[in-house]
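First up is the structure itself, then whatever we jot down about it.
The values are calculated or read from the model by the stated rules, or taken from the named source; none is laboratory data. Bear in mind that the values here come from a model prediction, so they are computed numbers and not experimental data. Areas reflect the complete protein model, heavy atoms only, side chains present, ligands, DNA and RNA absent. Shrake-Rupley method; radii C 1.70, N 1.55, O 1.52, S 1.80 Å.
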Amino acid sequence: MYRLIRAVITRFAGAAFTLLLAIYLARTIGATGSGYFYYALTLIVTISQVMRLGLDSVVLRKTSALLTRNDLPLIRVLNGDVLLFTILLGLPIVLIGWLIKPWFVMHFGLNEMQGVLYSNLLASILPFSWLWIYASTLRALKWSSLSVFIEVGITSLLTLLILLAFSTTQNNATFALQAQTMGIVFSALILLTTVGRVSGFSFVKNGYWQRAKRLYSESLSSVWVVISNAIIVWSPLLLLGFLAEPSDVGVYNSAFRVTMIVGAFSSVFKSIVTPKLAALLDNQVQMPEALRQYTKWVGGGLSLVLLCVWIVLGNIFSLFGGEFTAASGLATVMLFGQFTNVLVVMIETLLILDNRNDLLKKNAVFSMLFSLPLCWFLIVEFGVMGAAIGFSITNVVSRAGVIYLFNKSYSCRL
């Protein structure tokens, strides 16, 4: 219970920094500038998810299993292998991106803001990948509160501090994008230092390529949960960026960041329960009853949080300014999608730990075929409200697919 309370407090601290950053950006660079800022973040998240190939799921599963056996030397080897693997995989992508930038600018006619966005994207994707991969390491090592804060708060805090430090000399969307990149890089350095102190890194040359080949094979098979999560969370925003104005992206993101007060509870529950689920699976304990109890407990707590957030929505968005009046209605719609996603997150985590990538693949393919055309249609017909509706429908349908596949494969009813 103490770990849960500490993780919840950390979660709210992270949410507070994220919300303060969103309000600061709304007040200083408006809806259009905020749109560029958060669209850049969306691209960073999406590309880094593809680039890391599901390594965070592999690290979560392997580190949890090694910790259960108290095999700390192999955890250090895994940490080193993953770091080198991501550098060898990601650095060529980043270098190629820099080399083709002049061609890209010439053929696509990027304006100044889009050129800055392109550069910051290349500088951020590798550090951002480390953030999520090694946050999974800390979660498996039972450093729950720290992993939660890293996932939901540290980048926002550092970005906000950088913006405030230069607020008297810089107050524009270009510098906001640069501050975002600096915040991501500093966050990654802090995280790598922390993992080094908690468990350490071992770089073992002998047999590395064989281990790297296994990592590649396992991560590639685990990429489906990454694709599924990217689709249900980010596809409405990506499509909105293509089909609407930057100001619409800014308004949508202000609503999304507020609803993440509910949504980011998934990090809390995963951090608390993952080591327990890993131990139960290692001991061949059946999961259905434990998950039923979890669903009842989490559902009650989340319902209370959902009600509290809904009550204060109007007051929160009054802080953003007149350009964001539509955000309250968007957030009301999106809250139900966030609630559904968090409610089912532990079933997905169990499938990751039990290496049921076949089920995750089926659900990811189904989610993609369902959500992309739906969100495209809704955005074209209803604009920014269509993106919010698409977000919630996609979350509900995708999470229903996870429950169905779990029940069918484990012969139970949740």
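Residues R197, R356, sorted by accessible area with the largest first, give R197, R356 [1.4 Å probe; ligands and nucleic acids excluded].
Accessible area of I96 (1.4 Å probe, protein heavy atoms only, ligands and nucleic acids ignored): about 100 Å².
In order along the range 247-258, phi translates into HN-Hα couplings of 5, 5, 4, x, 5, 4, 5, 4, 5, 4, 5, 5 Hz, rounded to whole numbers, per the Karplus curve 6.51 cos²θ - 1.76 cosθ + 1.60 with θ = phi - 60° and x for Gly and Pro. For the range 175-181, backbone phi angles converted through the Karplus equation (6.51, -1.76, 1.60; θ = phi - 60°) give residue-by-residue couplings of 5, 4, 5, 5, 5, 4, 4 Hz, Gly and Pro being listed as x. When the listed pairs K213/K361; K101/K205; K205/K361; K101/K361; K142/K361 are checked against a 30 Å cut-off, the alpha-carbon distance exceeds it for K101/K205; K205/K361; K101/K361.
Estimated at the nearest 10 Å², the accessible area of L372 is 70 Å² with a 1.4 Å probe.
Rounded to the nearest whole Hz, the Karplus-based 3J(HN,Hα) values (6.51 cos²θ - 1.76 cosθ + 1.60, θ = phi - 60°) of the range 119-135 follow the sequence 5, 5, 4, 5, 6, 9, 5, 6, x, 5, 4, 5, 4, 6, 5, 7, 5, with x at glycine and proline.
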